[in-house]
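One structure below.
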Amino acid sequence: MKTMLNKFSFLTLLTLSLCAENSASAQQVMSLAECRSMALQNSHSLKVASEKQAGADDLRKMALSQFFPKISANGVFVWNEKSISLLSDEQKDRINNMGTSAQDMVADAVIDYVHDATGFSNANLEQDFRNRLHEGRMGSELNGVGHEITNALEFDLSQIYAGAVTVSQPVWLGGKIIAAYKVAKLNRELAGMELDSEKEKLVQQVDEAYWRVVSVKHKQQLAQEYFNLLNRLNDDVAAMAEVEVATQGDVAKVRVKLNEARMNLTKANTGLTLSKMALCQLCGLPFDRDIDVAEIDFTDPTDTIISTSADRSDTIDMQTVLDRRRELRMLRIGDSIAREGVRVAASQLQPNIMLTGAYGVSNPSMFNGYQKTWGGMFSVGIAAHIPLMDAGACYAVKAAKHKRKEISYRIAEAQEKITLQVNKLNFELQVAERKLAEAQANGAYADETLRMADESFRAGVIGSSDLMAAQTSWLAAKSEIIDAEIEIRMDRLYLNQAMGL
């Protein structure tokens, strides 16, 4: 009992503090359309879904770009500690001095020939002949040629510069580029549907919160009317007790009921405040914003939200409903994506052909011997990759086909569930309409009963207990009308969403 009193005190203080804060600012009256619009503008979940849609659109454009050539430029610089030589030091020394060696060999051959032919030998003459031969150009010329040869066979690679511009164009990659583009396009469409689905969920949440505020507001007004009735009865019974027409027991009973009504009114005020806070959160407004919902006339015949049995057909074209349902369309898109997935897996078993072209430059260049200058050339080629055996790709194709079958089963299951959901909601709406008719009839009877009981009490025919019983029945009947009205609106909302409207 103490815990309940503490909770009641906390709720009372919360309500009073919130009401005091709200009274400082002007109250903002909002319609259902305004609440929906503000929620759609301020929802973070919608912003996330919108970014996801934009990302899917960029991925679609990226997949489209795969049809066009790719151009790239590459450059490199390399420093090497040593150069490259195709000759050893001994070989370079022999080639560089081949002119001197040739002169010595010629001199020896001539001297040996003269000695053999004449039998004459003179050391001074032979030395003079060697000196004169060394003074000739043959040795120096041949030594120069040797230096050129050794220099040509030694490459200075201490600093290397190279660059290339490459163009590649896919000719046929087994159909994977086409399939990838179709998948990206379908994912873009799927992201758009997910955004629409988030909007639909948000609108449903806003409608639920809005009608909850409407319901609590009407019940709060009803609780206030009930409290006023009991308060007036309390004054009447107290006055009757003073003239000894009523007993103190009657006064006590009325005061107990009055205290209960006061507690229920406080709970209704607290519930209304909390319901408004939930609506503010969905609309992106501060929690302490003082808002109110537009007045709703439940008896307005022009209200298009409520559909009565007279203007609504009980028969529903389920095929049209299935065609409109976003979930089924998303599953069908998933089936199309799975179909393209089979093609992507099968492309691993088909040839891949690529056309390439490039222009490359380097320093040093070797197009006209080894030169420390820039040189370049064009090149064009075609590359083909032909898979001969790939067991993994075969199993990938089978797995993709199983995935598509799985989605087809999900589509069939979803159709059955949607059919059941629509029929169930349609039946619940019909039940809610009958409940409203019964509640309105009970409300009219309760109004008449309360009027007659009030007149009888004032005429002294019945006591306060009978009047309080009539008041309690009146309160229950009015509450049932409010619940039935709200239930019809929510059932209509749920049915429209289930029918894809």
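The values are calculated or read from the model by the stated rules, or taken from the named source; none is laboratory data. Nothing here was measured: the structure is a model prediction, and the numbers come from that model. Cβ atoms come from the backbone with ideal geometry, glycine included; neighbour counts cover every protein chain shown. These area figures cover heavy atoms from the full protein model, side chains too; ligands, DNA and RNA do not enter into them. Shrake-Rupley method; radii C 1.70, N 1.55, O 1.52, S 1.80 Å.
Couple of notes before you dig in:
- The single condition from (1) surrounded by fewer than 12 Cβ atoms within 10 Å (Cβ to Cβ); (2) touching a residue at least 60 places away in the same chain (Cβ under 8 Å); (3) among the β-branched types (Val, Ile, Thr) that Val422 fails is (1).
Matching residues to (1) over 28 Å from Ile333 (Cβ atoms); (2) of a type in the set (Asp, Glu); (3) in contact with a Gly (Cβ under 7 Å, 6 or more places away or on another chain); (4) modelled with pLDDT of 90 or more:
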position	(1), (2), (3), (4)
Asp390	yes, yes, no, no
Ala393	no, no, no, no
Val397	no, no, no, no
Lys405	no, no, no, yes
Glu438	yes, yes, no, yes
Tyr445	yes, no, no, yes
Gly460	yes, no, no, no
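- Sole residue being in a helix (DSSP H, G or I) and either closer than 25 Å to Pro170 by Cα or at pLDDT 85 or above (or both), chosen from Ala384, Ala412, Ala358: Ala412
- Scanning region 250-278 for residues that are out of contact with any strand residue (DSSP E or B) (no Cβ under 7 Å at 6 or more places or on another chain) and open to solvent by less than 40 Å² (accessible area, probe 1.4 Å) yields Val251, Val254, Leu258, Ala261, Leu265, Thr266, Ala268, Thr270, Gly271, Leu272, Thr273, Ser275.
- Answer from Ser473, Ser464 - the residue that is within 23 Å of Asp235 (Cβ to Cβ), among the polar types (S, T, N, Q) and surrounded by 21 or more Cβ atoms within 10 Å (Cβ to Cβ): Ser464
- Scanning region 170-193 for residues that are open to solvent by 50 Å² or more (accessible area, probe 1.4 Å), hydrophobic (A, V, I, L, M, F, W, C) and more than 15 Å from Lys61 (Cα to Cα) gives Val171, Trp172.
Yes/no per residue for (1) of a type outside the set (A, V, I, L, M); (2) free of Cβ contacts under 8 Å to residues at least 40 places away in the same chain; (3) buried (at least 16 other Cβ atoms within 10 Å of the Cβ):
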position: Gln28; (1), (2), (3): yes, no, no
position: Arg36; (1), (2), (3): yes, no, yes
position: Ala39; (1), (2), (3): no, no, yes
position: Ser45; (1), (2), (3): yes, no, no
position: Ala56; (1), (2), (3): no, no, yes
position: Leu64; (1), (2), (3): no, no, no
position: Phe67; (1), (2), (3): yes, no, no
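- Residues located in region 446-460, provided they are loosely packed, with under 11 Cβ neighbours inside 10 Å and in contact (Cβ under 8 Å) with a residue 12 or more places away in the chain: Gly460
- Test: residue in region 306-315 that is open to solvent by less than 30 Å² (accessible area, probe 1.4 Å) and either polar (S, T, N, Q) or modelled with pLDDT of 90 or more (or both): yes
- Test: residue in region 204-223 that is over 60 Å from the mean Cα position of the chain (by Cα), buried (at least 18 other Cβ atoms within 10 Å of the Cβ) and under 30 Å from Met468 (Cβ atoms): no
- Candidate set: region 147-169, residues that are part of a strand (DSSP E or B) and more than 44 Å from the chain's Cα centre (by Cα); chosen: the one surrounded by the fewest Cβ atoms within 10 Å (Cβ to Cβ): Gln159
- Within region 186-200, being over 14 Å from the mean Cα position of the chain (by Cα) and modelled with pLDDT of 90 or more holds for one residue alone: Leu186.
- Test: residue in region 89-111 that is of a type in the set (Lys, Arg), crowded, with 16+ Cβ neighbours inside 10 Å and modelled with pLDDT under 90: yes
- Val237 vs. criteria β-branched (Val, Ile, Thr) and without any contact (Cβ under 8 Å) to a residue 24 or more places away in the chain: no
- Residues located in region 233-249, provided they are aliphatic (A, V, I, L, M) and buried (at least 16 other Cβ atoms within 10 Å of the Cβ): Leu233, Val237, Met240, Ala241, Ala246
- Residues that are within 30 Å of Ala345 (Cα to Cα) and under 26 Å from the mean Cα position of the chain (by Cα), drawn from region 406-428: Glu406, Ile407, Ser408, Tyr409, Arg410, Ile411, Glu413, Ala414, Gln415
- Members of region 384-393 that are out of contact with any Leu (no Cβ under 7 Å at 6 or more places or on another chain) and either surrounded by 11 or more Cβ atoms within 10 Å (Cβ to Cβ) or within 26 Å of Thr356 (Cβ to Cβ) (or both): Ala384, His385, Ile386, Leu388
- Selection from region 347-383 of residues that are open to solvent by 70 Å² or more (accessible area, probe 1.4 Å), in contact (Cβ under 8 Å) with a residue 40 or more places away in the chain and farther than 22 Å from Ala73 by Cα: Gln348, Leu349, Lys372
- Among the conditions (1) modelled with pLDDT of 90 or more; (2) farther than 26 Å from Gln205 by Cα, the only one that Ala453 does not satisfy is (1).
Okay, residues lined up against (1) in a helix (DSSP H, G or I); (2) aliphatic (A, V, I, L, M):
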{"site": "Gln205", "(1), (2)": "yes, no"}
{"site": "Glu208", "(1), (2)": "yes, no"}
{"site": "Ala223", "(1), (2)": "yes, yes"}
{"site": "Phe227", "(1), (2)": "yes, no"}
{"site": "Leu230", "(1), (2)": "yes, yes"}
{"site": "Asn234", "(1), (2)": "yes, no"}
{"site": "Ala246", "(1), (2)": "no, yes"}
